[in-house]
Amino acid sequence: MSGYLSGVIAILGINVIFAYGIFVTAAAGQLNLGGAGFQAIGAYGAAILSLEFGLGIWAAIAAATVIGGLIGFLIAFPILRTRGVYMVLATFAFAQVVVGIVLNSNYLGGSMGLIMSDYIETGAIIWATLGVILFVFYLMSTPMGLAMRAVHDDEPVADLMGVNNRAVQVAAFALGGAITGLSGALYAYYFGFVEVQYFNALLSIFVLLYVLIGGTQTAWGPLVGAGFFTLIPEALRMGEDWRFLIFGVLIVAMMILRPEGIVTRDAVDRIRARLSPRARDA
Amino acid sequence: MLIVQQVLNGLMLGGIYVAVAVAFTLTIGILNFLNFTIPTLFMLAGMIGWSVSFYGLPFGMSEPLGWIPSLAIGILCAIVASLIVERFTYRYFKAKHGDATEHAIPLVSSLGFLLIFEYMILIAHGSDPRGFHTPFGDLNWRVAGLVISIPQVVGLIVSLAIVAGLSVLLARSKLGRALRATAEKPDTAVLMGVEVNRIVPIVFIMTGLLCGLAGALFAVNYGEVSPFMGEQVGTKAIAGMVLGGLGSVWGAVAGGLIVGLTETFSIYFFGATSAQVTIWGLLLVILLIRPKGLFGHNAIGKGKF
């Protein structure tokens, strides 16, 4: 595998995991515009655990995932008090505070960042990505996944049908925090350093766009969204600025053509029906 | 005295946030649309104003212009950009789906436009901050040991005057009544004879005007513009709007001034990079205590995404 190709695959893997972290909350009907904050927690968690506490690579990554989940769990309670636009902006504020704290802390490297002492290869990221994809597909097929869909589609009705909305939403935030934290830890170990400038507001916006444009109805959405928007700019091979300009144009066009996201539940059902004649009758 | 000076500086800075926060709160209050292009409209006015004053009009149509016509052109561009956003986000989804119930859709489109405008400017002018020179760049007024920058005072007054004019317009005029009717229930407003399709662009023109004006004031007051000024200033205006409560014009004024004061005090006491933590931390705490902001209307901005 050439260096360029393995680099693209690693970034794709990290972005896909990141997108699934945001997807899990979005699938339960909560927009999280604080992705960069959760990813920064994972990245800095892994960095500090390995540099200061001498944890091994996999122990640090696992611990960073748990930390991400724990913070997602804790922040869910205040954030779930808000609704709609207020919630989107509360998550945004959370990310700004996290990044601001890192920026002001000498212990966390401030604006200089931290340099890792260990590295992982692309192969590890591929396995982690496959694991996360399988896990989220499995999750969406369990009763928990069904409850998340119900809360996403109609909160009052889900409540009437006996779904514990609050528990589902808190669980979704915790899971989302853990998966996003994992992507941050992988990022830190793959690139060998963490710098706070990377975790800016635009990153939160991008990852939410991957998810919304991929589609929040099925677990295919983030995979397609993150894949599409990581690979298309690579394929276009233009200057960095032009990539983002085209990204913007694609977003506007995509919302006009497929406002529910690229992959919708209907589309998945239709493709299934075509692939196996039996499913059509069911 | 130093404290009083900080209060003054905070209020001046807050004046800029106020104009942008009011633009946010208008689109949310009337259209239930979180318009993320607003920070870039603010940036467009400043950067286009700078480019006209430095290079002149595009394609060699003129020599570099003076600062007043340059900023006027910048504001005009912000208004035009705002109307383009209206055409492809709000109007389109209204026409296609009858009702913009999926609020995330125009939100996502507006994020797309944010990228388009920001990177157009970056491609055209690079990422360096640019100096913007006006004849009264450091025209100060010294009273009792305080330094008061006159352009900043004028800016604050202009900003507050426009907001006051706007709230009178909303409360008293026929247009204001139509806007409030649209805010309450668009469909009923149509049945009552309000031409909603002609009203909505007016909201976007106001948005462009407010952001453009704030961008121009920023350029004059601080003598510098950059492609990132939208991110740096515009996002803090969001914090101001949410603090004040969505849909409340005077809430946005209060919120904008509070954010300005918080920022200057935070920088004064804890250093230059601390403002990000204090401003957004304050917002999180306020949302924790009052999930609808300080003066927010109960029904606004709580719709499901």
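The values are calculated or read from the model by the stated rules, or taken from the named source; none is laboratory data. What you see is a predicted model; the values in this text were computed from it and never measured. Positions of Cβ are generated from backbone atoms using ideal geometry, with glycine treated the same way; all protein chains shown enter the neighbour counts. SASA here: full protein model, heavy atoms, side chains in, ligands and nucleic acids out. Shrake-Rupley method; radii C 1.70, N 1.55, O 1.52, S 1.80 Å.
Residue-by-condition table, conditions (1) out of contact with any helix residue (DSSP H, G or I) (no Cβ under 9 Å at 6 or more places or on another chain); (2) more than 8 Å from chain B (Cβ to nearest Cβ); (3) closer than 18 Å to A:L208 by Cα:
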position: A:I71; (1), (2), (3): no, yes, no
position: A:L74; (1), (2), (3): no, yes, no
position: A:P78; (1), (2), (3): no, no, no
position: A:L89; (1), (2), (3): no, no, yes
position: A:F94; (1), (2), (3): no, no, yes
position: A:V97; (1), (2), (3): no, no, no
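Within the set A:W220, A:W242, the sole residue that is at pLDDT 80 or above and closer than 25 Å to B:P39 by Cα turns out to be A:W242.
Taking first residues from the range B:225-242 that are away from chain A (no Cβ under 12 Å) and partners that are modelled with pLDDT under 85 and surrounded by 22 or more Cβ atoms within 10 Å (Cβ to Cβ), the Cβ contacts under 7 Å between residues at least 6 apart in sequence or on separate chains come to B:V225/B:F132.
Screening the range A:173-197 for residues that are part of a helix (DSSP H, G or I) and either out of contact with any helix residue (DSSP H, G or I) (no Cβ under 8 Å at 6 or more places or on another chain) or within 14 Å of another protein chain (Cβ to nearest Cβ) (or both) and picking the one that is surrounded by the fewest Cβ atoms within 10 Å (Cβ to Cβ) gives A:Q197. Would you tally the residues in the range B:135-165 being part of a loop (DSSP other than H, G, I, E, B) and either open to solvent by less than 20 Å² (accessible area, probe 1.4 Å) or more than 19 Å from B:A216 (Cα to Cα) (or both)? Qualifying residue count, the range B:135-165: 2. Among the candidates B:V253, B:V259, the residue that is in a helix (DSSP H, G or I) and more than 14 Å from chain A (Cβ to nearest Cβ) is uniquely B:V253. Restricting attention to the range A:87-111 and to residues that are at pLDDT below 85 and part of a helix (DSSP H, G or I), the residue that is least open to solvent (accessible area, probe 1.4 Å) turns out to be A:G110.
Taken as a whole, the range B:244-251 holds at least one residue that is in contact (Cβ under 8 Å) with a residue 60 or more places away in the chain, closer than 18 Å to B:L160 by Cβ and aromatic (F, W, Y). For the range A:46-62, residues that are of a type in the set (G, A, S) and either open to solvent by 30 Å² or more (accessible area, probe 1.4 Å) or modelled with pLDDT of 95 or more (or both) total 4.
Regarding A:I115, is this residue modelled with pLDDT under 90, under 18 Å from A:V196 (Cβ atoms) and more than 9 Å from chain B (Cβ to nearest Cβ)?
Working: modelled with pLDDT under 90: yes; under 18 Å from A:V196 (Cβ atoms): yes; more than 9 Å from chain B (Cβ to nearest Cβ): yes.
So A:I115 passes the test.
In the set B:V203, B:V242, B:V154, which member is within 20 Å of the chain's Cα centre (by Cα) and farther than 23 Å from B:T37 by Cα?
On inspection, the qualifying residue turns out to be B:V154.
Just for the range A:235-265: of the residues that are more than 21 Å from B:L122 (Cβ to Cβ) and out of contact with any helix residue (DSSP H, G or I) (no Cβ under 7 Å at 6 or more places or on another chain), which one is most open to solvent (accessible area, probe 1.4 Å)? The selected residue is A:L257. Residue pairs whose Cβ atoms lie under 9 Å apart, separated by 6 or more positions or on different chains, with the first residue in the range B:262-287 and more than 9 Å from chain A (Cβ to nearest Cβ) and the second open to solvent by 10 Å² or more (accessible area, probe 1.4 Å) and not in a helix (DSSP H, G or I), are B:I286/B:L294.
All conditions but one from (1) more than 7 Å from chain A (Cβ to nearest Cβ); (2) part of a loop (DSSP other than H, G, I, E, B) apply to B:P291; the one that does not is (1). Remark: pairs (first residue in the range B:21-38, at positive phi and in contact (Cβ under 8 Å) with a residue 12 or more places away in the chain; second residue among the small types (G, A, S) and surrounded by 24 or more Cβ atoms within 10 Å (Cβ to Cβ); Cβ separation under 8 Å; 6+ apart in sequence or on different chains) = B:N32/B:G301. When residues in the range A:1-24 are screened for being open to solvent by 10 Å² or more (accessible area, probe 1.4 Å) and in contact (Cβ under 8 Å) with a residue 12 or more places away in the chain, 8 of them pass. Out of A:V151, A:V136, A:V168, A:V157, one residue alone is under 16 Å from A:A28 (Cα atoms), of a type outside the set (S, T, N, Q) and open to solvent by 20 Å² or more (accessible area, probe 1.4 Å). It is A:V157. List, please: which pairs have Cβ atoms under 9 Å, are six or more places apart or on different chains, and start with a residue in the range A:176-195 that is of a type in the set (D, E, K, R) and end with one that is open to solvent by 10 Å² or more (accessible area, probe 1.4 Å)? Filtered contacts from the range A:176-195: A:E195/A:G109; A:E195/A:S111; A:E195/A:M112; A:E195/A:G113; A:E195/A:L114.
On the basis of being touching a residue at least 40 places away in the same chain (Cβ under 8 Å) and at the interface with chain B (Cβ under 8 Å from one of its Cβ atoms), does A:L212 make the cut? Outline the logic, then answer.
Working: touching a residue at least 40 places away in the same chain (Cβ under 8 Å): yes; at the interface with chain B (Cβ under 8 Å from one of its Cβ atoms): yes.
Yes: the conditions hold for A:L212.
When the residues of the range B:24-47 are filtered to those that are more than 20 Å from A:A201 (Cα to Cα) and at pLDDT 90 or above, which remaining residue is nearest to the other protein chains (Cβ to nearest Cβ)? Step by step, filter the range B:24-47, then rank; the result is B:M47. Put simply, of A:V268, A:V211 the only residue that is part of a helix (DSSP H, G or I) and surrounded by fewer than 24 Cβ atoms within 10 Å (Cβ to Cβ) is A:V268.
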